[in-house]
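Notes follow once the structure below has been shown.
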Amino acid sequence: ATATIAPFSTDLDDVFISVKTTRHYHHSRLPAIINTWFQFAKDQTWFFTDRDDPYFHNQTNGHMINTKCSSSHSRRALCCKMSVEFDRFLESSRKWFCHFDDDNYVNVPRLLKLLDNYNPREDWYLGRPSIPTPLEIVRQGSESSKRSQKVRFWFATGGAGFCISRALALKMTPVAGGGKFITVGDRIRLPDDVTMGYIIEHMLKKQLTVIDQFHSHLEILKFLNKDTFHDQVSFSYSKGPRDDWNIVKIDGFSIRDDPKRFKSLHCHLFPQASNCPHR
Ligand code: UDP
Ligand code: MN
């Protein structure tokens, strides 16, 4: 038998990982990332925020980017950040743009293995929707065309993470590069991840490829099977009312020491990592 030669081999340096955050969450959310998965992708991961923060600038080797966007949870502020993330990726010469939220745990080796299945010179939009059917919006008619039109499209949930190949990003550049992402968001008045789906699926007619291994806290995370953790690309958590957290069910550190379960996940996936109680 002849050995098959792998057509692509994705290296960590082929990926631009962006994490969206805000000044309000630096202390509550960034340490859980910096102490775990960030250690595997320090040179590839950038945090997009809305304020200069010398402490975290130092903690991340200068990988905090002040987008100068507003620090409100408004649709416009979030689209502004996504726009800066996208433009920074375009400026980098990397093959893949992968966005995550600051409440995501990223299984870095698994992400690389996933990307290795796709050619970055082709158009790829990889992620996971959080709704069972495509989103349907009504675009109001403009001066030139008075009639309103129904538009249906899928979008990858930003809170689960998604990736875009360079080839696709280059095709998006005329409509979404150089800050124009914000203009599109303003036009349809929808959040950043929805705007991304609108640009790719509706404007460019490229389809989302559904990857079930991306996870947001819109899912009930305790239903994820422990035996499959190694195969999952991303995880998340959220704090519900009172002390009712939506978290991955995993043994390890106490809930008190690791309420988000990131440390426990990290040590489950990578027992030899530093900070893990290896024997
Ligand atoms: N976020 C932000 N500005 C804000 C609030 C949130 O940039 O004013 C970011 C936050 O850091 C996270 C994402 O938006 O990466 C989603 O925020 P969150 O998890 O609080 O809300 P969700 O939409 O997931 O319920
Ligand atoms: Mn969230």
Which Cys residues of the chain have no other Cys Cβ less than 4.7 Å away and so no disulfide-compatible partner by this rule?
79
Using every pair of alpha-carbon atoms in the chain, split the distances into 5 Å bins beginning at 0 and state the percent of pairs per bin, rounded to integers.
1, 5, 12, 16, 19, 17, 13, 8, 4, 2, 1, 0, 0, 0, 0
Site residue 226, offset 7 angstrom along Cα→Cβ, radius 12 Å on amide nitrogen, limited to the stretch 248-268, gives 249-253, 265, 268
How large is the dipole of the chain about the Cα centre if only Lys and Arg carry +1 and Asp and Glu carry -1, each at its Cβ, rounded to the nearest 20 debye?
700 debye
Antiparallel bridge percentage (DSSP; both residues within the chain; nearest 5):
50 percent
Measure nothing but the geometry: give the 0 to 90° angle between the long axis through the Cα atoms of 75-91 and the longest principal axis through the Cα atoms of the chain, rounded to 10°.
80 degrees
Quickly rank 232-243, 104-115 as a protection proxy: mean count of other C-beta atoms within 10 Å, highest first.
104-115, 232-243
With a 10 Å radius around each residue's Cβ, average the other Cβ atoms per peptide and rank 47-53, 133-139, highest first.
47-53, 133-139
Over 17 Å [Cα-Cα, the stretch 159-223], rounded percent:
46 percent
Name the most mobile residue of 150, 68, 249, meaning the one with the largest mean-square fluctuation, in a Gaussian network model of the chain with Cα contacts below 10 Å.
150
Once both labels are modelled 7 Å past Cα along the beta-carbon direction, what's the residue 55-residue 146 spacing in nm?
6.0 nm
So what is the accessible area of the stretch 1-109 per residue, in Å², with the probe set to 1.4 Å?
45 Å²
Can you give the net charge of the other residues whose Cβ lies under 15 Å from the Cβ of residue 255, counting K and R as +1 and D and E as -1?
+3
Within the chain, what whole-number % of the accessible surface is contributed by carbon and sulfur, with the 1.4 Å probe and all protein chains included in the calculation?
49 percent
Solvent-accessible area per residue for the stretch 229-279 at a 1.4 Å probe radius, Å²?
62 Å²
Which pairs, out of 150/180; 205/249; 81/239; 113/260, put more than 27 Å between their alpha-carbon atoms?
205/249
Measure off 7 Å from each Cα along the Cα-to-Cβ vector at residue 35 and residue 249, then give the distance between these two points in nanometres to one decimal.
2.5 nm
Which angle from 0 to 90°, rounded to the nearest 10, does the C-alpha axis of helix 166-176 make with the longest principal axis of the chain?
50 degrees
Between the stretch 15-32 and the stretch 233-279, what is the C-alpha centre distance in whole Å?
17 Å
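The values are calculated or read from the model by the stated rules, or taken from the named source; none is laboratory data. Because the structure is a prediction, the values reported are computed rather than measured. We place every Cβ from the backbone using ideal geometry, glycine too, and count neighbours over all the protein chains shown. Accessible surface areas use protein heavy atoms only, side chains included; no ligands, DNA or RNA. Shrake-Rupley method; radii C 1.70, N 1.55, O 1.52, S 1.80 Å.
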